[in-house]
Amino acid sequence: MQVLFGAFKPLSLAVCFALAPLVAAGASPASVPVSHGYATLTQDNSAAIGISDLRATRQDRLLRVQAELNNASATNRQVYYRFEWMDQQGLAVWDDEPWKPLIVYGNNKQTISVSSPSFKATSFRLVVQNPN
Amino acid sequence: MGSNLGRDYRTSLLAGVMLLALAGCQTTSPTTGTSGVSYGDAKAVETVTTDLGSTDIQMISEKMTQGLIQTPEIQTLIKKRQLLMASPVKNKTSEYFDTRMITDTILTQLQKNGVKYVIEGEDMQNQTDELMRQNQSGLYSKSKTVKMGKMQGAKYRLDGSISSIVKKTSDLKDVYYKMNLRLIEIETGIVEWSDEKEIRKSARR
């Protein structure tokens, strides 16, 4: 499991933009120097799936997150994802979300766009599983 | 002879230790029964059949909750402590399932964010029964009885439907589900918000 991305206060948005090309290129930083959470991606051997972009902002007391998954292979991939929502102390503020299936078409990108289900969420962790 | 005794002693000791270890395994596991029943992850992606399943209900509820709490009407409702209610969601699919599973989950998730809602339908009978019992049965102390005529009406209600299109060939079944949910201001009948969740499930036979 690779730690790919950190998350977020509005301030850390800049860090995300800075890291996006790194992730898209397939690099796998062990950790990211932002303090309020992270996203993880479980890869298969092909490492076809990557997180090519990740953005977050707080608006109307809700955390809005957009992640772009990139499929570098020619075949369609079924991935599963869910978010974990935490407060400033890193404590979970929401029950476990269901795993959600998502198809990322071959040589294509797929965007996940969500809003936090709770006003208490100040950071998130996106977990993506690519078990193909 | 002596070495045989020593070997026997060591074998017995080893067997004893193994038995103790096994006994230890049995007693530390907090389970009972041998029927092969096991617990699974309630949040796992369920792909047993193409029928509407737990993952579908969870994904629909989640999307609707996330959409609803972004609306200004719900945020104002929370601030002003106004009330919400959910009308029964119409099941227009060919399957039987209890659509209250969806609205109950949405209401529960909204309540965790401060939304107050009032009961309706099946729950209302229990509510009126209890009010009647306390006020008309003569069994309760007057000072400890709740008053009649204090129930509050909702400002908004949720209403919606779930539909499906099923296509079958000799080797493929494809089901498309669409859930629609609307937030309606009760006084005016105006639909203030609506959203849809689409799900496609396919199975090869």
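Specify whether the C-alpha gyration tensor of the stretch B:50-103 places it in the rounded, prolate or oblate class, a ≥ b ≥ c being the square roots of the eigenvalues: rounded for a/c under 1.5, otherwise prolate if a/b is larger than b/c and oblate if not.
Prolate, because a/c is 1.5 or more and a/b exceeds b/c.
Run the numbers on chain B and let me know its relative contact order in percent, using alpha-carbon pairs under 8 Å that are six or more apart. Spell out each step's value before the answer.
Details: 243 pairs, mean separation 39.7, N = 205.
Across chain B, relative contact order equals 19 percent.
As a test of the formula, what do you get for chain B when each DSSP H run with n ≥ 4 contributes -39,500 (n - 2.57) and the sum is divided by the residue count, at 222 nm and rounded to the nearest 500 deg cm²/dmol?
It lands at -12500 deg cm²/dmol.
What does the C-alpha gyration tensor say about the overall shape of chain B? Classify as rounded when a/c is under 1.5, otherwise prolate if a/b is larger than b/c, or oblate. Before the final figure, lay out each step's value.
Numbers: a/c = 3.13, a/b = 1.69, b/c = 1.85.
Here chain B falls in the oblate category.
Once fully extended, how much extra length lies between B:Q136 and B:D98, figured as 0.36 nm per residue of separation less the alpha-carbon to alpha-carbon distance?
10.3 nm
Cα centroids of the stretch A:75-100 and the stretch B:68-127: how far apart, whole angstrom?
Spelled out, the Cα-based centre of one part sits 24 Å from the other.
Just to be sure I follow the definition: excluding the sites themselves, where is the longest run in chain B that has none of the chymotrypsin sites (Phe, Trp or Tyr not before Pro) in a DSSP loop with at most 10 other Cβ atoms within 10 Å?
Segment B:97-205 is the longest.
Based on the Cβ-Cβ distance from B:A203 to B:S29, what FRET efficiency comes out when R0 is 30 Å, to the nearest 0.05? Intermediate results must be reported in sequence, preceding the final value.
Numbers: r = 37 Å, r/R0 = 1.22.
That pair, B:A203 with B:S29, gives E of 0.25.
What order do you get for B:101-113, A:57-69, B:127-139, A:90-102 when each peptide is scored by the mean count of other beta carbon atoms within 10 Å, highest first?
Ranking the peptides B:101-113, A:57-69, B:127-139, A:90-102 by packing returns B:101-113, A:57-69, A:90-102, B:127-139.
Between B:D41 and A:Q66, take the C-beta separation as r, use R0 = 22 Å, and let me know the FRET efficiency to the nearest 0.05.
0.25
Using a 10 Å cut-off on Cβ to Cβ distances, tally the other chain neighbours for every residue of B:62-74 and report the average as a whole number.
On the way: counts 7, 4, 0, 3, 7, 1, 1, 8, 6, 1, 1, 0, 0.
Mean number of neighbouring Cβ atoms from other chains: 3.
Just list whichever of B:K80/B:K142; B:K43/B:K197; B:K43/B:K90; B:K43/B:K150; B:K63/B:K168 have alpha carbons separated by over 30 Å in the model shown.
B:K80/B:K142; B:K43/B:K150
Give me the net charge of B:Y176's neighbourhood, meaning all other residues with Cβ under 15 Å from the Cβ of B:Y176; Lys, Arg count +1, Asp, Glu -1.
Counting the neighbours of B:Y176, the net charge comes to +2.
With every protein chain left in place, what is the accessible area of B:S202 in Å² (1.4 Å probe, nearest 10)?
70
In the neighborhood of A:E68, defined by Cβ-to-Cβ distances under 15 Å, what is the net charge if each Lys or Arg adds +1 and each Asp or Glu adds -1?
+3
Using label points projected 7 Å from each Cα along Cα→Cβ, tell me how many nm separate B:R182 and A:R55, to one decimal.
It is 3.3 nm.
List the GluC sites (Glu not before Pro) within the stretch B:151-205 that DSSP assigns to loop and that have no more than 13 neighbouring Cβ atoms inside 10 Å.
Numbers: sites: B:E185, B:E187, B:E192, B:E196, B:E198; in loops: B:E187.
Sites meeting the loop and neighbour criteria: B:E187.
Per residue of the stretch A:69-76, what does 6.51 cos²θ - 1.76 cosθ + 1.60 with θ = phi - 60° give for ³J(HN,Hα)? Whole Hz please, x for Gly and Pro, Karplus curve as stated.
9, 10, 9, 7, 8, 7, 9, 5
Report the full-extension gain for the segment A:K109 to A:A92: residue separation times 0.36 nm, less the Cα-Cα distance, to one decimal in nm.
3.2 nm
Once amide H atoms are built 1.01 Å from N in the peptide plane, which residues 5 or more positions from B:V45, or in another chain, come under 5 Å H to H?
Excluding prolines and chain starts, which carry no amide H, the hits are A:W99.
The values are calculated or read from the model by the stated rules, or taken from the named source; none is laboratory data. Fair warning: this is a prediction, and the values are worked out from it, not measured in the lab. In this analysis, Cβ positions are derived from the backbone assuming ideal geometry, glycine residues included, and neighbour counts consider all displayed protein chains. Accessible surface areas use protein heavy atoms only, side chains included; no ligands, DNA or RNA. Shrake-Rupley method; radii C 1.70, N 1.55, O 1.52, S 1.80 Å.
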